[in-house]
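Presented below is the structure to which this report refers.
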Ligand code: PGA
């Protein structure tokens, strides 16, 4: 039985004061979390310390990015050990916005994932096809290629990673993959994980992301290979994220 993972990706939103208000509201809304699931929030770097310092109960804390070196002359970057130091247990890696806007490659994402694992962080490795790739029938090939490339050299650490399948055309658009289409891709991803790492594939959590909302989360979470959700817009409002975390 895979422990489900519901993660809120706050992206580049919330000042420190706003982030503190949100974690306080979430803590009030989610005083306890059922044992079958884990819930985390991923604030901006500037708000991480303030959020981690508030009472947050069973809600875990993650970051949205990391650099794959422990220290050094990397102006503007943040090391894995700095994230554990501040109280992070997870880090989102290779989000489609980072792939598209900042040119992150599968090879760089694999380096980041390795560094995160070495520091004891759980990497949430994001994959997903664009609208054009889906329309031209290449969605599965693209996504499985990203899975293999982003896990290069990590076949013996599969059990410790989380994969987030986020079709790019569904992110922030209000469009969601149907639960059936998402399940089909998740099953294909699990097949690829099995090819890479054998039986460990069965313990890897595969999250769905892309316009997850209170009104579609239950159907998505009912699919056998959907093990959680990576939530953007709906994670910025305590009431909606709490409802998603309380999926049925
Ligand atoms: P969204 O974002 O829920 O706003 O579509 C999801 C994500 O980008 O992680």
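Any read-out appearing in this document is the output of simple, stated calculations on the displayed coordinates, not a laboratory observation. Here the structure is a predicted model, which is why all the values come from computation and not from measurement. Because the Cβ atoms are built from the backbone with ideal geometry, glycine has one as well, and the counts that use them run over all protein chains shown.
Tabulated results
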| item | result |
| --- | --- |
| Cα-Cα pairs of the stretch 7-70 separated by more than 18 Å (percent) | 33 percent |
| Extension gain from residue 181 to residue 152, taking 0.36 nm per residue of separation minus the Cα-Cα distance | 7.8 nm |
| Pairwise FRET efficiency - residue 202 versus residue 33, Cβ, R0 = 22 Å, nearest 0.05 | 0.40 |
| Cβ-based exposure ranking for 30, 83, in which fewest neighbours within 10 Å come first | 30, 83 |
| Convex hull volume per residue in cubic angstrom - Cα atoms of the stretch 1-134 | 136 Å³ |
| Principal axis dimensions, the stretch 96-160 - Cα atoms, whole angstrom, descending | 39, 24, 15 |
| Distance between the stretch 152-217 and the stretch 34-48 - C-alpha centres, whole angstrom | 18 Å |
| Rg ratio (alpha-carbon, reference 2.2 N^0.38 Å) - the chain | 0.93 |
| Calculated diffusion of the stretch 115-248, Stokes-Einstein form, Kirkwood radius summed over Cα pairs, 4 °C and 1.567 mPa s, µm²/s | 86 µm²/s |
